[in-house]
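Below is one structure, written out as structure tokens; the observations come after it.
The values are calculated or read from the model by the stated rules, or taken from the named source; none is laboratory data. These numbers come from a predicted model, not from an experiment. Backbone-built Cβ (ideal geometry, glycine too); neighbour counts: all protein chains shown.
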């Protein structure tokens, strides 16, 4: 059976509270996903039980039995993500014609009044992959996001300094999370290998330079100060702030956060967070003036409560 053009699914390796797992699943089912693959990295039994037997969802408990079948469990979470993403990609062709590997704090967002399926359907046959540029959530009511500042010919630096006067010159694009985005790729391609931000075919990177203005990736990377602070040590050691990642204009996020903590402690770190991540009237106005404000009402709690109503009622 051939899947209809534009049908799509997502996969994520997740280590998060049950509520965040349900938010991720509910949002993408509501958005039209034909299949959501959930790999529970911490063998979260409560999340598995909530998702068990649910239409449109495939859940894998990544316990010792799982890794006995799929090789020794890698210590590095990115390696575990890649293994699971490729497992999901090979199976997604049964359900959909497009696949995206994303994280639990990422949500594929179409322009208002447009379905994700419609955007994918209209891509020409030569388009094998489609990059989803990220927008980063501001801490507030959960609707405001900032777009990445284009960093070209010095103009980006000037924009960054206008929007983020104290820290703009240290944060290329104005983000503290990743700027690469993620990739939608057609299912059923031979020789494909899924990585975190890119896909490779027969050992060659698929650049996925094609984008569509009606699709972006909403990234709730630092949706609260407590979340940001609690994740900082792990991200600096193993994640998106780790030391080996390349620096932008002479300073990396690892160096920036390390220096702030050493010289100013949490006060300095909080100053950066408040300037670049807090949903304030000043920041909204500055972003809007530069054409960088995006309003995306994800409505995660509403969708979770609606889609999981029967299961939540049993708790």
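Okay, here's what the table says:
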{"read-out": "Of residues in the stretch 2-17 being within 23 Å of residue 86 (Cβ to Cβ) and over 24 Å from the mean Cα position of the chain (by Cα), the one modelled with the lowest pLDDT", "value": "2"}
{"read-out": "Hits in the stretch 173-185 (condition: modelled with pLDDT of 95 or more and either surrounded by fewer than 16 Cβ atoms within 10 Å (Cβ to Cβ) or in contact with a helix residue (DSSP H, G or I) (Cβ under 9 Å, 6 or more places away or on another chain) (or both))", "value": "184, 185"}
{"read-out": "Residue among 57, 119 that alone is modelled with pLDDT of 95 or more and in contact with a helix residue (DSSP H, G or I) (Cβ under 8 Å, 6 or more places away or on another chain)", "value": "57"}
{"read-out": "Within the stretch 25-43, considering residues that are touching a helix residue (DSSP H, G or I) at 6+ places or on another chain (Cβ under 7 Å) and outside any strand (DSSP E or B), the one nearest to residue 313 (Cα to Cα)", "value": "26"}
{"read-out": "So residue 269, is it surrounded by 14 or more Cβ atoms within 10 Å (Cβ to Cβ) and touching a strand residue (DSSP E or B) at 6+ places or on another chain (Cβ under 7 Å)", "value": "no"}
{"read-out": "Test result for residue 232, modelled with pLDDT under 95, part of a helix (DSSP H, G or I) and closer than 20 Å to residue 196 by Cα", "value": "yes"}
{"read-out": "Count - residues of the stretch 247-273 that are in a helix (DSSP H, G or I), without any contact (Cβ under 8 Å) to a residue 24 or more places away in the chain and out of contact with any helix residue (DSSP H, G or I) (no Cβ under 8 Å at 6 or more places or on another chain)", "value": "6"}
{"read-out": "Hits in the stretch 184-202 (condition: closer than 15 Å to residue 83 by Cα and not in a strand (DSSP E or B))", "value": "191, 195, 196, 197, 198"}
{"read-out": "Selected residue (only one of 287, 283, 215 is assigned by TED's automatic domain parsing to the domain that holds residue 75 and closer than 30 Å to residue 113 by Cβ)", "value": "215"}
{"read-out": "Test for residue 104: is it touching a helix residue (DSSP H, G or I) at 6+ places or on another chain (Cβ under 8 Å), surrounded by fewer than 19 Cβ atoms within 10 Å (Cβ to Cβ) and either in contact (Cβ under 8 Å) with a residue 12 or more places away in the chain or within 24 Å of residue 40 (Cβ to Cβ) (or both)", "value": "no"}
{"read-out": "Any hit, the stretch 81-93, residues being at pLDDT 95 or above, out of contact with any helix residue (DSSP H, G or I) (no Cβ under 6 Å at 6 or more places or on another chain) and part of a loop (DSSP other than H, G, I, E, B)", "value": "yes"}
{"read-out": "Count of residues meeting criterion [loosely packed, with under 14 Cβ neighbours inside 10 Å and either on the phi > 0 side of the Ramachandran plot or part of a helix (DSSP H, G or I) (or both)] in the stretch 57-77", "value": "5"}
{"read-out": "Condition broken by residue 22, with the remaining ones in (1) in contact (Cβ under 8 Å) with a residue 40 or more places away in the chain; (2) closer than 23 Å to residue 197 by Cβ; (3) buried (at least 21 other Cβ atoms within 10 Å of the Cβ) satisfied", "value": "(2)"}
{"read-out": "Test for residue 40: is it crowded, with 18+ Cβ neighbours inside 10 Å and farther than 21 Å from residue 184 by Cα", "value": "yes"}
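Quick grid of which residues meet (1) farther than 20 Å from residue 76 by Cα; (2) assigned by TED's automatic domain parsing to the domain that holds residue 143; (3) loosely packed, with under 15 Cβ neighbours inside 10 Å:
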position: 230; (1), (2), (3): no, yes, yes
position: 237; (1), (2), (3): no, yes, yes
position: 240; (1), (2), (3): no, yes, no
position: 244; (1), (2), (3): no, yes, yes
position: 259; (1), (2), (3): yes, yes, yes
position: 264; (1), (2), (3): yes, yes, yes
position: 276; (1), (2), (3): yes, yes, no
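Residues checked against (1) surrounded by fewer than 21 Cβ atoms within 10 Å (Cβ to Cβ); (2) within 23 Å of the chain's Cα centre (by Cα); (3) at pLDDT 90 or above:
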site	(1), (2), (3)
136	no, yes, yes
142	yes, yes, yes
147	yes, yes, yes
154	yes, no, no
171	no, yes, no
190	yes, no, yes
197	yes, yes, yes
